[in-house]
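Nothing in this text is a laboratory measurement; each read-out follows from the coordinates by a stated rule. Predicted model only: the values in this text are computed from it and were never measured. Cβ: placed from backbone, ideal geometry, glycine included. Neighbour counts: every protein chain shown.
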Amino acid sequence: MAMDTRTGGARWSPTVGGGRQRTRRLAARTDVHLQQREGGGGDGKGKGAEAAARVGGEKESRKASPSSSLGPMPASGGLLWQRRGVETALVETVLSAITTYHMTVFPLSKRAIRKIDKLRRNFLWKGAEEAKGGHCLVNWPRVCRSKKLGGLGVRDLQRFNWALRLRWIWFRWKDQNKPWNGLDITTNSAEMELFRACTKITVGNGLRTNFWQQGAAPKNIAPLCYTLAYRKNLKVAHAVQQNRWMRGIQRMSSEQEISQFVTLWSRLSSVQLTPMDDDISWKFTADGKYTAKSAYDSQFFGSRPDFTWTRIWKAKAEPKCRFFAWLLLQRKIWTADTIIRRGGQTDSHCPLCNVRSETPVHLFANCSFSRAIWSQLALLNNQLSTTNYARIKDWWAAAATDGGKTQAVIYAAWNIWKERCRRKYDNKAMTAVQVANLVKQDLSLFLMATVSPAHCFDLVICCNCSSPPSMKRQNTCL
Ligand SMILES: [Zn+2]
């Protein structure tokens, strides 16, 4: 680690990974900035925690929390929120990853998946071994969806297990010289169905293709005939010889069975085998080859996102702030309406205006105090100031129209939430102008932490101006 003399903060050497380096640079500069903001010196130990506690007052917030039975309410920008971004990454890189080698070969039992999911869920929501229901703000199946589909991108272990094990079926087709070919690696019906859905078979001599279950899948064309057939593992070449596939089907007794038989028979009459070997290709990759990722993703085909979630995750903001935005858009933050709905007791009035009931959409979109902050940040237009929004997602879609605005909206929402918690639990208050300045400072800090060190000095000057800093505005400010 080296000292950055221009900013007075610590800067990690370039050997550290890009994302980690950026995060640590941000943390180091945030510490320095917060100390300057607070006018404190300190001995350099535990600066991050100290600063976070000063700004967020999480400990006080949690003590004053009106509903301890609901679990800790992530009140302000304290340590609990700072952990969220880190824990999401750790769940994926450690708790999900440690099972990968085992799952590549063996099917994971449902009991094992339940236990691992419990560990991952508890660690994600509480950072500990045990978490109560109140800690888990979003249900686990949703967390396991991809970020594009509104989840956190945490791997679904069952689906991941199936996707990994498809490689053995694929190798049986494509690479028969591999030493593990011939080993008794059994596959279950779910894996076989997934493999059939993901592959396309070109029948040549018909010696490798299962007649009923692969290729055009007569099993799907004539399921009743498949039930009646004696030999269900016939290869195509053997099945079409002397019409062996019909053996057993003579027992047809219903019109439906006869109809399916005729359909299948007419389609088979045009089948011509060739001297070439049967071939297989993967449907979901450009080169037609199997990948575990495409096999995993294919299991979510047909799912449609209920919101443009990718814009949040692509926003240039700290993970904890994006995580907060993700919860906010699902109305999973601890506003008064949620606390009361879940059996807690608290003042239902909005702490910012003390007039209306506190709901997510009021707190961030309709509250007069919040609108004053949006106005200070030049993010309020005619539509946003005159519309009384009923859904937080509608307001968000109108406010965060591009990448730059999404970043500003995320940081503004984050600071409005901190101000709300300051007022509710710490009995301290800031004006709208002060909160807007905090948003600008957050944006400046993030910008300083994410641009190359060569530009840091210029940016410090840039951030002294009154407008929210951004890469585009840098030149105009200077
Ligand atoms: Zn209000």
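Tabulated results
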quantity: Estimated vicinal HN-Hα couplings, Hz - the range 349-361 in sequence order (Karplus 6.51, -1.76, 1.60; Gly, Pro = x); calculated: 7, 5, x, 7, 10, 6, 10, 9, 6, 8, 10, x, 6
quantity: Length gained when the stretch LEU119-ASP277 is fully extended (0.36 nm per residue, less Cα-Cα span); calculated: 52.1 nm
quantity: Full-extension gain in nm, ASP347 to THR310, via 0.36 nm per residue minus C-alpha separation; calculated: 9.8 nm
quantity: Residue-count net charge about CYS353 - beta-carbon cut-off 14 Å; Lys, Arg +1, Asp, Glu -1; calculated: +2
quantity: Distribution of pairwise C-alpha distances over the range 204-277, 5 Å bins, in %; calculated: 3, 17, 30, 27, 14, 6, 2, 0
quantity: Cross-link pairs beyond the 20 Å C-alpha cut-off, checked among LYS118/LYS320; LYS115/LYS147; LYS147/LYS316; LYS147/LYS393; calculated: LYS118/LYS320; LYS115/LYS147
quantity: Spatial separation of Cα centroids for the range 342-370 and the range 371-391, in angstrom; calculated: 16 Å
quantity: Packing rank of 160-168, 407-415, 284-292, 244-252, where each peptide gets the mean count of other beta carbons within 10 Å, highest leading; calculated: 407-415, 160-168, 244-252, 284-292
quantity: Lysine-lysine proximity count for the range 172-298, Cα under 15 Å, sequence distance 8 or more or distinct chains; calculated: 8
quantity: Under 11 Å, Cβ to Cβ, from LEU157 - net charge with Lys/Arg +1 and Asp/Glu -1; calculated: +4
quantity: 14 Å beta-carbon shell around ALA429, net charge (K/R +1, D/E -1); calculated: +4
quantity: Test item: Cα-centred dipole of the range 128-258, Lys/Arg +1 and Asp/Glu -1 on Cβ, debye; calculated: 380 debye
quantity: Positive dipole terminus of the range 140-298, leading residue within TYR226, SER253, THR285 (C-beta point charges); calculated: THR285
